Amino acid sequence: MDTIAILVCYNGKWVTSKKMCTYEGGDTKGIIVSRNITFGELLERVHKIVNTDNREVKLCLKFLVSISSNECKHIKIEDNDDVKFFIKYSCDVIPSKVAPLLVSIEDKGVTNVVGDRMHITTDMSRMACSSNAIVESNGDVHGDFGTQYLDMIDFTGVEGVHSGDNGTEMNGLQMHSAPPILAHLETFSQVGVVGSETTSERSIRHNWRQMGEQNVHNLGIVNEEEEDIESAYSRNNWDPKLEVGKIFSSKEALSNKLQLAAVRGHFEFKVKQSCKSRLVVVCSQGSCPWRLRASSYGEKNFMIVKYNPVHECDMSFIHDKHRHASAKLVGNAVKRKLKDSRTIYTPSDIIRDVKQNFGVTINYCKAWRSRELALMSTRGSVEEAYSLLPAYCHELERVNSGTRTYIHTDENNHFLYFFMAVGACIRGFQSSMRPVIAVDATHLKCKYKGVLFVANAFDGNRNIYPLAFGIGDLETDASWHWFFSKLHEAIGECPNLVIISDRNISIENVWHNIFPTAQHGICFYHMKGNMKRTFKLKKRDKLLLYFEQAAKSYGIAEFDRHFHKIKGNDEVAQYLESAGLHKWSRAHMDGRRYNVMTTNIAESINSVLRFARMLPVLHLIDEIINLLVKWFSKRRDFALKCTSTLCPDFGEKKLRRRLECASRMNVVKLNHVEYNVVDGDMDGHVHLTNNTCSCRKFQLEQLPCKHVVAVCRFLKLNVYSMASRYYTRNTWLDAYSDIIYPVQPQELWVIPEDVQSRVVRPPNAKVMPGRRKKLRIPSQGEDIIRRKCSRCSGTGHNKSTCKNNVPLPNVGHVL
């Protein structure tokens, strides 16, 4: 039906008789309205019936709602939601009965105090049913221990009052004995009168001292979605707000709220009836009157139609475990703490928090399952992450122009390789970065494992500049060849390119096939570790010191001086020579590796992503994008505020340190372009036209050495003009000028049909049982750094992850 019939009662008045508020007298008129009528339209129709002006008179509209078999309540209509509920209640809940619309006149801005007052009588015999009135009676119990007395309502001729299953019925009021709760109430004279409130805001406080818990139940219709379960986990004064007329988005949402209310209220319930259209739950103790009944409301919604919140449970059945504290409930409560991938939240932490917040003890297995369910809820399944990867890549390329992503699968659509290079990073590298790339791979720690490939550069301020990322199964020739191929497609031919890596044999086998004009260098730190492991050298062996000095030398003469000391051990010298001096020595390298001697920039990005590497592949990529968004925005703002000519944390600092040394040097002019600088240690021959110095630091770093600074000071030249553009503030700003946009939530994606139809399955790999390793296994010969906590002075952790108890300092008693 598109229309409904409404019975309007008007020109009556609210009368308080025998401490009961009733609506008496007046006229009655029937109207036909649309089911979609709004509050304003309904109010206008009623104003015409009552013959009043809405600018001068305010009308109060109420209707009757049955809370239980012997309890009813008047609900005030104040907005469109109230009108929708009134129509739904009249048509669907009580279609065979009449719920008249009760109209009373108020002055504008003034509420009907008489109609909104709540009363409770001390004489139970006077609570009789009236045959011609609508009775509303409410109460609140005061004192050390209290219970809630719900509204006594009777609408004779519309809905009768039925007796309950338990207890004794007295004139429509069902009473139960409750020794644990009402033992201190000898008479009903302790019951007081509550002050004036509006009907929609009325709340009756119920102090229930069982297990020392205070529960608050607000009566009245509330048409809103399910309250967040997380608030019940963190707040001590959480109120479930279970009340008649409240609507839940689904039956599952109502069940979750009931379970949470049971856990917080220290009682248990059982399901008496459950189907698609109805849910009835009662207290697990048969003598307790607590019960709730809900019916379907619309397609999926469920509405509470009857509710008795009074508990009279026997406390002898109370224990520290709870049947409703399921892994799913606990997982929903703790999932907010797992949204950040960097949060360390273990099952032991969940056991402790559940005990503290819920007062319930759960075992380790349930805590672990709740954590897994929480992670599943916030991140989705690992398999789903692979299926969404094509759509995510399409959206990433759409919002960030120039971005390149590739997904490679086998003939059965199982995932093999992934590559990603953001357009802003590609453009920034090509225009503003020194042509040195450090590559490395690190293990993933998710379900299907794999490795994460990274390619990074250094910006002019010596910050990590991520260039490209990849995912593969293992560090094999095939995987590295595929990654280098996609990297070459992204950045193209790069003149004077130098690739720095560790001594991985697969990198050595494939890099020259993809970048034939590039030079390859190895990380001297990894070379040092290999040398230490092979020859079983101690940590402070002098050979390691000589090797480090030789590797960092700029000139051939300086290198020969340090390497001559290493030749005292023929085996070590032959080992280093067989590895290739041009690979690890800056002085012998054909290309220019600047000051990039290690793959520390790649290792650092692996450390930054150490928690993200535990996530499914889609969330890992999203964490990388969010990291790039944060870095680009922060460094762009820093560059805009910078006022120096060179980058402040690298070029500017180095030149100022070299100026201190150059101020004490003597400069001898040889001709108009050549100068000899007397150092006292190693003199320098500077050629201004060729931009060279005999120390070779000027050529290899492209930043004025101390000898060049001395010549510029002698000739009163601008020393900044001698520095490479890679170190200038403008070039640094250009590297971060483009904006990287994060990928929007999945609901906002616009994906074409061909991308949606692409199938990507998880890797065809065997998932081994057991707990996955999270800590990195140090390489042989690697120096293990023992971290010391600044909070508790313990080792193996820092203060951000410290969980040890710290004793307070001894403080003398103040007399």
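The values are calculated or read from the model by the stated rules, or taken from the named source; none is laboratory data. Predicted, not measured: the structure shown is a model, and the values here were computed from it. Counting neighbours? That spans all protein chains shown, and the Cβs are built from the backbone with ideal geometry, glycine included. Only protein heavy atoms, including side chains, enter the accessible area calculation; ligands, DNA and RNA are left aside. Shrake-Rupley method; radii C 1.70, N 1.55, O 1.52, S 1.80 Å.
A few points about this structure:
- Among the candidates Gly521, Gly460, Gly470, Gly492, residue that is surrounded by fewer than 19 Cβ atoms within 10 Å (Cβ to Cβ) and modelled with pLDDT of 90 or more: Gly492
- Every residue from the range 24-41 that is among the small types (Gly, Ala, Ser) and open to solvent by less than 50 Å² (accessible area, probe 1.4 Å): Gly26, Gly40
- Tally of residues being of a type in the set (Asp, Glu) and within 19 Å of Ala490 (Cα to Cα) across the range 372-405: 2
- So Arg434, is it part of a loop (DSSP other than H, G, I, E, B), in contact (Cβ under 8 Å) with a residue 24 or more places away in the chain and open to solvent by 20 Å² or more (accessible area, probe 1.4 Å): no
- Counting only residues that are open to solvent by 100 Å² or more (accessible area, probe 1.4 Å), part of a loop (DSSP other than H, G, I, E, B) and among the charged types (D, E, K, R), the range 42-56 holds 2 of them.
- Any hit, the range 567-575, residues being touching a residue at least 40 places away in the same chain (Cβ under 8 Å), out of contact with any strand residue (DSSP E or B) (no Cβ under 6 Å at 6 or more places or on another chain), buried (at least 16 other Cβ atoms within 10 Å of the Cβ) and farther than 30 Å from Ala424 by Cβ: yes
Yes or no, residue by residue, for (1) under 15 Å from Leu101 (Cα atoms); (2) touching a strand residue (DSSP E or B) at 6+ places or on another chain (Cβ under 9 Å); (3) modelled with pLDDT under 85:
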| residue | (1), (2), (3) |
| --- | --- |
| Asp2 | no, yes, yes |
| Trp14 | yes, yes, yes |
| Glu24 | yes, yes, yes |
| Thr28 | yes, yes, yes |
| Arg45 | yes, yes, no |
| Asn51 | no, no, yes |
| Asn54 | no, no, yes |
| Val57 | no, yes, yes |
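Per-residue answers, yes or no, for (1) touching a helix residue (DSSP H, G or I) at 6+ places or on another chain (Cβ under 8 Å); (2) of a type in the set (A, V, I, L, M); (3) at pLDDT below 95:
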position: Val678; (1), (2), (3): no, yes, yes
position: Asp681; (1), (2), (3): no, no, yes
position: Gly684; (1), (2), (3): yes, no, yes
position: Lys716; (1), (2), (3): no, no, yes
position: Ile751; (1), (2), (3): yes, yes, yes
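Per-residue answers, yes or no, for (1) part of a loop (DSSP other than H, G, I, E, B); (2) in contact with a Phe, Trp or Tyr (Cβ under 8 Å, 6 or more places away or on another chain):
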| site | (1), (2) |
| --- | --- |
| Val572 | no, yes |
| Tyr575 | no, yes |
| His582 | no, no |
| Arg586 | yes, yes |
| Met589 | yes, no |
| Thr598 | yes, yes |
| Ala602 | no, no |
| Ile605 | no, no |
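- Identity of the residue in the range 495-518, open to solvent by less than 30 Å² (accessible area, probe 1.4 Å) and in contact with a Lys or Arg (Cβ under 8 Å, 6 or more places away or on another chain), that ends up nearest to Glu571 (Cα to Cα): Ile500
- First in the range 373-387 and closer than 17 Å to Thr346 by Cα, second anywhere and open to solvent by 60 Å² or more (accessible area, probe 1.4 Å) and at pLDDT 85 or above, Cβ under 6 Å, 6 or more apart: Leu373/Lys328
- Pair list, Cβ < 6 Å and 6+ apart or interchain, from the range 407-422 residues that are at positive phi to residues that are open to solvent by 60 Å² or more (accessible area, probe 1.4 Å): Asn413/Val759; Asn413/Arg761
- Scanning the range 529-550 for residues that are surrounded by fewer than 20 Cβ atoms within 10 Å (Cβ to Cβ), of a type in the set (Lys, Arg) and modelled with pLDDT under 90 yields Arg533, Lys536, Lys538, Lys539, Arg540.
- Test result for Leu487, buried (at least 17 other Cβ atoms within 10 Å of the Cβ) and more than 41 Å from the chain's Cα centre (by Cα): no
- Restricting the search to strands (runs of 3 or more DSSP E) fully inside the range 256-375 and requiring at least 2 residues that are farther than 28 Å from Glu243 by Cβ and either open to solvent by 20 Å² or more (accessible area, probe 1.4 Å) or modelled with pLDDT of 85 or more (or both) gives an empty result.
- Single residue of the range 582-597 satisfying the filter (open to solvent by 40 Å² or more (accessible area, probe 1.4 Å) and not basic (Lys, Arg)) that is modelled with the lowest pLDDT: Asp590
- Here His408 fulfils each of the conditions (1) under 26 Å from Asn456 (Cα atoms); (2) touching a Leu at 6+ places or on another chain (Cβ under 7 Å); (3) open to solvent by less than 30 Å² (accessible area, probe 1.4 Å); (4) not polar (S, T, N, Q) apart from (3).
- Hey, Gly555 in contact with a Cys (Cβ under 9 Å, 6 or more places away or on another chain) and over 28 Å from Tyr465 (Cα atoms) or not: yes
- Any chance Tyr727 is within 30 Å of Arg636 (Cβ to Cβ) and open to solvent by 50 Å² or more (accessible area, probe 1.4 Å): no
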